[in-house]
Amino acid sequence: MVALTDPAALDAPAPPDRLARARRLHLWLALGLVAISLASLTVGATGVQLLDVVRSLARGEELSRMEQVVLLDIRLPRLVMGLAVGAALAVSGAVMQGLFRNPLADPGIVGVSAGAGLGAILAIVLGGLLPPALLGLAGGHLVPLAAFLGGWISTLLLYRVATRRGQTSVATMLLAGIALAALSGAVSGVLVYVADDTQLRDLTFWGLGSLAGASWTKLAAALPILLIAVSGAMLLGRSLNALALGEATAAHIGIPVQRMKRLAILCVAAATGAAVAVSGGIGFIGIVVPHLLRLASGPDHRALLPNAALLGAALLVGADMISRSVVAPAELPIGIVTAVLGAPVFLWILLRQRGVVDL
């Protein structure tokens with residue numbers, strides 16, 4: 001029997017049945033993601049169908065102007081953004097739950113979402129007071145830029161508060177994140193109080209989340225950050241497995257705990273900040289997806305993280321399809337859809353595990 005403190009145990013393959021189950025799940029998730037992505041390119045308020053476009057291209061016919069705009073300028077960037085944001089939120093949730101060793105952790109627990117939300121609200125309510133030259137420089141991306149900047153400032157502040165003598169306290173960061181979220185909520189409440197009707201509508205729609213503003217320009221700014229952050233998080237699987245044994249044990253078997261925590265916080269901050277900046281507040285992806293995957297294939301983060309990226313992307317793209325179909329030609333905020341779908345699932349998970357998990 002391999003000792004828990006044996007470093008080789010962290011790189012050892014999972015038990016054969018669990019490993020096979022994780023591989024099968026990975027394959028099914030990949031196939032499901034492809035299927036739901038193709039469906040996303042077809043579903044919409046217009047009559048443009050993906051199969052009709054494929055047949056036209058196969059016959060050598062040129063696409064009409066409407067088909068080009070709908071598919072290439074509206075649905076395709078929206079699909080890519082949904083894939084990237086969904087993967088980023090789900091992976092961030094899995095990393096946070098592993099880092100805090102708490103099943104209730106999600107990307108918003110470090111205060112990134114609260115800081116990003118405050119930045120967006122400041123831009124919506126007070127953006128008109130900025131000099132015209134600065135507004136022209138930001139173009140139509142003032143709100144996403146402000147949200148991303150707010151997320152990063154909150155992360156730097158939290159890291160500074162939680163770090164002492166070169167050591168970062170996860171518990172202190174958690175408590176500081178709660179305090180920062182409360183303060184951000186108070187300031188946001190003041191701004192909402194002074195906002196006019198148009199600004200209130202923008203605040204409500206942004207706070208509930210949407211992929212309606214997806215464009216190639218936004219993707220060019222956010223996608224590199226999301227890809228780098230998710231790729232960095234994928235490197236943490238072995239370290240998060242070791243951290244489950246405790247920080248002292250993880251350090252004893254050779255895991256650079258402090259460096260790992262820095263990388264985890266940096267990846268979550270970058271992924272969540274960029275996601276909130278381009279899509280607004282979308283809940284439940286980061287907290288539900290890791291739970292579902294642990295039930296399906298076990299807690300090994302080496303399989304959990306890539307599967308979380310696939311399932312998170314598929315769920316958000318599916319939720320986006322529902323949001324633009326259920327009240328077509330209008331559009332339901334995607335945060336409402338994820339809450340309606342995610343809350344019952346999360347309650348079911350809690351009821352299923354209440355006998356074995358002490359929250």
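The values are calculated or read from the model by the stated rules, or taken from the named source; none is laboratory data. Everything numeric here is computed off the predicted structure, so don't read it as measured data. Cβ coordinates were reconstructed from backbone atoms using ideal geometry, including for glycine residues, and neighbour counts include every protein chain displayed.
Is it the case, given these coordinates, that Val257 is under 21 Å from Gly207 (Cβ atoms) and either in contact with a helix residue (DSSP H, G or I) (Cβ under 8 Å, 6 or more places away or on another chain) or among the hydrophobic types (A, V, I, L, M, F, W, C) (or both)?
Judged against the criteria, Val257 is not a match.
Sort out which residues of the stretch 222-236 are surrounded by 21 or more Cβ atoms within 10 Å (Cβ to Cβ) and either assigned to a helix (DSSP H, G or I) or free of Cβ contacts under 8 Å to residues at least 60 places away in the same chain (or both), and write them in order of number.
Selection gives Ala222, Leu226, Ala229, Val230, Ala233.
Take Val125 and tell me if it is part of a helix (DSSP H, G or I), at pLDDT below 80, surrounded by 21 or more Cβ atoms within 10 Å (Cβ to Cβ) and β-branched (Val, Ile, Thr).
No: the conditions fail for Val125.
Pick out the one residue from Gly150, Gly189, Gly185, Gly108 that is crowded, with 22+ Cβ neighbours inside 10 Å, out of contact with any His (no Cβ under 8 Å at 6 or more places or on another chain) and at pLDDT 80 or above. First the steps, then the outcome.
On the way: Gly189 fails: crowded, with 22+ Cβ neighbours inside 10 Å; Gly185 fails: crowded, with 22+ Cβ neighbours inside 10 Å; Gly108 fails: at pLDDT 80 or above.
Every option except Gly150 fails the conditions.
With the condition kept exactly as written, say whether any residue in the stretch 131-154 is assigned to a helix (DSSP H, G or I) and either among the acidic types (Asp, Glu) or in contact with a Phe, Trp or Tyr (Cβ under 6 Å, 6 or more places away or on another chain) (or both).
no
Just checking, does the stretch 62-71 include any residue being out of contact with any strand residue (DSSP E or B) (no Cβ under 9 Å at 6 or more places or on another chain), farther than 30 Å from Gly342 by Cα and at pLDDT 75 or above?
Filtering the stretch 62-71 down to residues out of contact with any strand residue (DSSP E or B) (no Cβ under 9 Å at 6 or more places or on another chain) leaves 62-71.
After this cut, where a residue has to be farther than 30 Å from Gly342 by Cα as well, the list is 62-69.
Checking which are at pLDDT 75 or above leaves us with 69.
There is at least one residue in the stretch 62-71 that is out of contact with any strand residue (DSSP E or B) (no Cβ under 9 Å at 6 or more places or on another chain), farther than 30 Å from Gly342 by Cα and at pLDDT 75 or above.
Yes/no per residue for (1) part of a helix (DSSP H, G or I); (2) among the small types (Gly, Ala, Ser); (3) under 19 Å from Gly335 (Cβ atoms):
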| residue | (1), (2), (3) |
| --- | --- |
| Val80 | yes, no, no |
| Leu83 | yes, no, yes |
| Gly119 | yes, yes, yes |
| Leu156 | yes, no, no |
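Any idea which residue in the stretch 240-253 is farthest from the chain's Cα centre (by Cα), counting only those that are surrounded by fewer than 24 Cβ atoms within 10 Å (Cβ to Cβ) and under 18 Å from Gln167 (Cβ atoms)?
Ranking the candidates gives His252 first.
Which of (1) without any contact (Cβ under 8 Å) to a residue 40 or more places away in the chain; (2) surrounded by fewer than 20 Cβ atoms within 10 Å (Cβ to Cβ) does Ala212 not meet, given it meets every other one?
Every listed condition holds for Ala212 apart from (1).
Quick check on the stretch 313-341: of everything there that is at pLDDT 85 or above and among the small types (Gly, Ala, Ser), which residue is nearest to the chain's Cα centre (by Cα)?
Ala313
Consider Arg262 carefully, then state whether it is basic (Lys, Arg) and crowded, with 16+ Cβ neighbours inside 10 Å.
In short, no.
Restricted to the stretch 1-44, and to residues that are at pLDDT 80 or above and among the hydroxyl-bearing types (Ser, Thr, Tyr), which residue is farthest from Gly298 (Cα to Cα)?
Looking at residues that are at pLDDT 80 or above and among the hydroxyl-bearing types (Ser, Thr, Tyr), I get Thr42.
Just need a number here: residues in the stretch 300-353 that are small (Gly, Ala, Ser), assigned to a helix (DSSP H, G or I) and more than 19 Å from Pro290 (Cα to Cα).
Residues flagged as small (Gly, Ala, Ser), assigned to a helix (DSSP H, G or I) and more than 19 Å from Pro290 (Cα to Cα) within the stretch 300-353 amount to 1.
Provide a single number: the residues in the stretch 158-177 that are touching a residue at least 24 places away in the same chain (Cβ under 8 Å) and either under 27 Å from Ser279 (Cβ atoms) or of a type in the set (A, V, I, L, M, F, W, C) (or both).
Of the residues in that region, 7 qualify.
Just checking, which of Val289, Val278 is of a type outside the set (Gly, Ala, Ser), closer than 19 Å to Leu104 by Cβ and crowded, with 24+ Cβ neighbours inside 10 Å?
Details: Val278 fails: closer than 19 Å to Leu104 by Cβ.
Result of the check over Val289, Val278: Val289.
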